[in-house]
1. Being closer than 30 Å to Leu242 by Cβ, at pLDDT below 80 and surrounded by fewer than 15 Cβ atoms within 10 Å (Cβ to Cβ), is that true of even one residue in segment 307-323?
2. Counting only residues that are touching a helix residue (DSSP H, G or I) at 6+ places or on another chain (Cβ under 8 Å) and aliphatic (A, V, I, L, M), which one in segment 212-245 is surrounded by the fewest Cβ atoms within 10 Å (Cβ to Cβ)?
3. Going through segment 170-209 one residue at a time, which ones are surrounded by fewer than 16 Cβ atoms within 10 Å (Cβ to Cβ) and either part of a loop (DSSP other than H, G, I, E, B) or among the polar types (S, T, N, Q) (or both)?
4. Which residue pairs have Cβ atoms under 9 Å apart, sit 6 or more places apart or on different chains, and have a first residue in segment 41-54 that is aliphatic (A, V, I, L, M) and modelled with pLDDT of 85 or more and a second that is surrounded by 12 or more Cβ atoms within 10 Å (Cβ to Cβ) and not in a loop (DSSP other than H, G, I, E, B)?
5. For segment 55-75, give me each residue that is among the hydrophobic types (A, V, I, L, M, F, W, C), modelled with pLDDT under 75 and in contact with a Lys or Arg (Cβ under 9 Å, 6 or more places away or on another chain).
6. I need the full set of residues from segment 177-197 which are out of contact with any Pro (no Cβ under 7 Å at 6 or more places or on another chain) and closer than 26 Å to Ala217 by Cα, in order please.
7. Is it the case, given these coordinates, that Tyr87 is hydroxyl-bearing (Ser, Thr, Tyr), surrounded by 15 or more Cβ atoms within 10 Å (Cβ to Cβ) and either at pLDDT below 75 or over 30 Å from Ile267 (Cβ atoms) (or both)?
Amino acid sequence: MNFKAAYNRFKQWQLDPFRYKVNSHDMHHCNNCGNDFKGNYCPICSQKENVGRITWKSVALSIVEIWGLHNRSLSYSLVQLFLRPGYFISDYISGKRQVSFPPVKMLAIISLFGIVVDRLTGADDIIGVFNYDFDFQGDKMAFLDNAFEWMNAHPDLMSMIMLSYLIIPIYFIFRFAPRNTRHTLPQGFFIQVFCSIMFLILNMLYDITSMGGIVFACGLLLLYFTYKQLFGYDVLGTLWRLVATVISGILLASIMLWLDFSIHLFIVGQTDTAAGFIIFEIISIIAFVLILWVSYRIGKPRTTKREPEATETESVETAQTKEE
């Protein structure tokens, strides 16, 4: 087996899995309504132009459709999302809607599957994903303990919330990428919807296998290949931007968390503890803004200064000098 040729075919499939062909000049006969037409589909009944005799290919396609692996199905979209994540997301946000099952609907369906898996595996009873070192005692501090317990009891939802905090960092850090340059915040929303789907499936894999280290490593690798294919940077350029994005997302989540805690602490009269959270919040804001600003400046293309154009008099004098 020629592994190099197989890899090249896989790479070509990643870049262009459908390879649409336009038959605008060929005449076709529709076996369904009898109409003669030019193009890929009959304008009368919409049947595809290449529908003819049943062959073994027809049998294979029928079997594939049974398992939902035809174009734009949920299962086939998931296959693409894991085998060509960045290219798949890039296709969708650039306008190729027919390559994907509707992403928000896909997220809702996968979330329901995740809830079922959590119940069947008992993962929703496991506490301790978000650890904390604070000693919350007394009725006035009970809300802090309840907040961390809620986060521990809903790891799938927390994964989606944490990924949503990456929308703004990605907008600035990957602003001038070779591919999908100057992507918009709405596009960033759909980028994180697709990433949330992948991480929900990885969470289900963790619930079933309890192989936390392997699943975590797979998640990081998947995120790396997603950003590399989506934005087109080289290995080093993708790595440092990925690290900056993750750190910025954690800082942004911390800012929102410290803000919520400090407000509640001021309400219950715990001003000293609230002041400590405010200090953490200010430090996080400064670090967050600094990382985005530095990453934005590094990624911004350098503009070369143009030499001042010569005046008409200088041009004439230069021409006379050359003639002499």
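The values are calculated or read from the model by the stated rules, or taken from the named source; none is laboratory data. Since this is a predicted model, take the numbers as computed values, not measurements. Here Cβ is always computed from backbone atoms with ideal geometry, including for glycine, and neighbour counts include all displayed protein chains.
1. Applying the first criterion (closer than 30 Å to Leu242 by Cβ) to segment 307-323 yields none.
So far as segment 307-323 goes, no, none of its residues is closer than 30 Å to Leu242 by Cβ, at pLDDT below 80 and surrounded by fewer than 15 Cβ atoms within 10 Å (Cβ to Cβ).
2. Val235
3. Selection gives Phe176, Pro178, Thr181, Arg182, Thr184, Thr209.
4. Close Cβ pairs satisfying both conditions: Ile44/Phe37.
5. none
6. Ala177, Arg179, Gly188, Phe189, Ile191, Gln192, Cys195, Ser196, Ile197
7. Working: hydroxyl-bearing (Ser, Thr, Tyr): yes; surrounded by 15 or more Cβ atoms within 10 Å (Cβ to Cβ): yes; either at pLDDT below 75 or over 30 Å from Ile267 (Cβ atoms) (or both): yes.
Spelling it out, Tyr87 is indeed hydroxyl-bearing (Ser, Thr, Tyr), surrounded by 15 or more Cβ atoms within 10 Å (Cβ to Cβ) and either at pLDDT below 75 or over 30 Å from Ile267 (Cβ atoms) (or both).
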